[in-house]
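Step one of this worksheet: look at the structure below.
The values are calculated or read from the model by the stated rules, or taken from the named source; none is laboratory data. This structure is a prediction, so every number in the text was calculated from the model and none was measured. Neighbour counts are summed over all protein chains in view; Cβ atoms, including those assigned to glycine, are modelled from backbone coordinates with ideal geometry. What goes into the accessible areas is simple: the full protein's heavy atoms, side chains included, and nothing from ligands, DNA or RNA. Shrake-Rupley method; radii C 1.70, N 1.55, O 1.52, S 1.80 Å.
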Amino acid sequence: MNLYPLGKFLVSTIFFPLYRIQVIGKENFPDEGGVLLCANHIDNFDPPVVGITCPRTVHFMAKEELFKVPVLKSILPSVNAYPVKRGMSDREAFRTTLKLLKEGNVVGLFPEGTRSKTGELGKGLAGAGFFALKGNAVVVPCAIVGSYKPFKRLKVIYGKPLDMTEYRERKASADEVTEVIMDAIRQLIEKNK
């Protein structure tokens, strides 16, 4: 059973007023086709916040440990989350991600791999570049700016899609493409502080 629409509705009714969420650049989001949605990671609430502000349904990779938590293991798959083993190459998660992108879905990814302890943008992992190159999808950079303090403004900014064609044609490295993505996120953060 897909609980995504219900989850989006319930989380929206709580989070939008509580965190005074402002969404910027929603018009930049493609209406169709595969999209790798790459955002900075400042809080555990980032995935639901990206999920409720994105104009399309998002599939998220989530750390495998969450699927072992009794309540979460039944909820996560029904809200389009799938497991990934952190700190190692997980072929099953790679295949699932590429399949979703090639089928024209939106996959949400936090290239830093873990939450930033300082709130500053960290270094992106090569996985983001790998999926951007192999996934035959555009990349939409996303910045989450602010704090998750009740009634303080939290901004979610969607940048213009990054076309990966040039990087694919010249066989750029995953690290180089990850840097391009992180730079786009960094610019969105700087412009919206």
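Is it true that L109 is under 29 Å from Q187 (Cα atoms) and either open to solvent by 30 Å² or more (accessible area, probe 1.4 Å) or of a type outside the set (K, R) (or both)?
Working: under 29 Å from Q187 (Cα atoms): yes; either open to solvent by 30 Å² or more (accessible area, probe 1.4 Å) or of a type outside the set (K, R) (or both): yes.
Taking the combined requirement at face value, the residue satisfies it.
Out of all the residues in the range 77-88, is one or more among the aliphatic types (A, V, I, L, M), outside any loop (DSSP other than H, G, I, E, B) and in contact with a Leu (Cβ under 7 Å, 6 or more places away or on another chain)?
Pass one, the range 77-88, residues among the aliphatic types (A, V, I, L, M): 79, 81, 84, 88.
Now restrict to residues that are outside any loop (DSSP other than H, G, I, E, B): 81, 84.
If we keep only those that are in contact with a Leu (Cβ under 7 Å, 6 or more places away or on another chain) too, we end up with none.
No, the conditions are met nowhere in the range 77-88.
Taking interchain pairs and intrachain pairs at least six residues apart, which have beta carbon atoms under 7 angstrom, with the first residue in the range 59-71 and modelled with pLDDT of 90 or more and the second part of a helix (DSSP H, G or I) and open to solvent by less than 70 Å² (accessible area, probe 1.4 Å)?
That search, which allows pairs on different chains as well, returns H59/L100; F60/P47; F67/L76.
Does the range 154-164 contain any residue that is among the small types (G, A, S) and crowded, with 20+ Cβ neighbours inside 10 Å? Lay out the reasoning, then the answer.
Taking the range 154-164 as the starting set, the residues that turn out to be among the small types (G, A, S) are 159.
If we keep only those that are crowded, with 20+ Cβ neighbours inside 10 Å as well, we get 159.
Yes, the conditions are met somewhere in the range 154-164.
Using beta carbons and a limit of 9 Å, which pairs, at least six apart or on different chains, have the first residue in the range 173-193 and farther than 16 Å from G122 by Cβ and the second one open to solvent by 80 Å² or more (accessible area, probe 1.4 Å) and not in a loop (DSSP other than H, G, I, E, B)?
From residues that are farther than 16 Å from G122 by Cβ, the pairs are A174/K134.
Kindly evaluate E103 against the criterion of being over 13 Å from the mean Cα position of the chain (by Cα) and either within 27 Å of F15 (Cα to Cα) or open to solvent by 40 Å² or more (accessible area, probe 1.4 Å) (or both). Steps first, please.
Working: over 13 Å from the mean Cα position of the chain (by Cα): yes; either within 27 Å of F15 (Cα to Cα) or open to solvent by 40 Å² or more (accessible area, probe 1.4 Å) (or both): yes.
So E103 passes the test.
Looking only at the range 62-71, decide whether some residue is open to solvent by 40 Å² or more (accessible area, probe 1.4 Å) and within 23 Å of F9 (Cα to Cα). Can you show your working first?
In the first step, residues of the range 62-71 are kept if they are open to solvent by 40 Å² or more (accessible area, probe 1.4 Å); the result is 63-66, 68-71.
Still in the list and also within 23 Å of F9 (Cα to Cα): 66, 71.
There is at least one residue in the range 62-71 that is open to solvent by 40 Å² or more (accessible area, probe 1.4 Å) and within 23 Å of F9 (Cα to Cα).
Looking at the range 126-145 only, could you name the residues that are under 13 Å from F94 (Cβ atoms) and outside any helix (DSSP H, G or I)?
Of everything in the range 126-145, just one residue is under 13 Å from F94 (Cβ atoms) and outside any helix (DSSP H, G or I), namely G135.
Which one is surrounded by the fewest Cβ atoms within 10 Å (Cβ to Cβ) among residues in the range 120-146 that are over 19 Å from G51 (Cβ atoms) and small (G, A, S)?
Ranking the qualifying residues of the range 120-146, first place goes to A126.
Find the residue count for the range 160-193, including only residues that are in contact with a Gly (Cβ under 6 Å, 6 or more places away or on another chain) and under 20 Å from D46 (Cα atoms).
Number satisfying all stated conditions: 4.
If I filter the range 117-135 for residues that are in contact with a helix residue (DSSP H, G or I) (Cβ under 6 Å, 6 or more places away or on another chain), of a type in the set (G, A, S) and more than 19 Å from D183 (Cα to Cα), do I get at least one hit?
yes
Can you name the residue in the range 13-26 that is outside any strand (DSSP E or B) and either in contact with a strand residue (DSSP E or B) (Cβ under 8 Å, 6 or more places away or on another chain) or hydrophobic (A, V, I, L, M, F, W, C) (or both) and, of all such residues, is surrounded by the most Cβ atoms within 10 Å (Cβ to Cβ)? Even if it seems obvious, please write down each step before you answer.
Going through the range 13-26, the residues outside any strand (DSSP E or B) turn out to be 13-20, 25-26.
Among the residues that remain, those that are also either in contact with a strand residue (DSSP E or B) (Cβ under 8 Å, 6 or more places away or on another chain) or hydrophobic (A, V, I, L, M, F, W, C) (or both) are: 14-16, 18-20, 25-26.
On the way: I14: 11, F15: 19, F16: 16, L18: 14, Y19: 21, R20: 15, G25: 18, K26: 12.
It comes out as Y19.
Scan the range 27-44 for residues that are loosely packed, with under 15 Cβ neighbours inside 10 Å and within 18 Å of Y82 (Cα to Cα) and report the count.
Of the residues in the range 27-44, 1 are loosely packed, with under 15 Cβ neighbours inside 10 Å and within 18 Å of Y82 (Cα to Cα).
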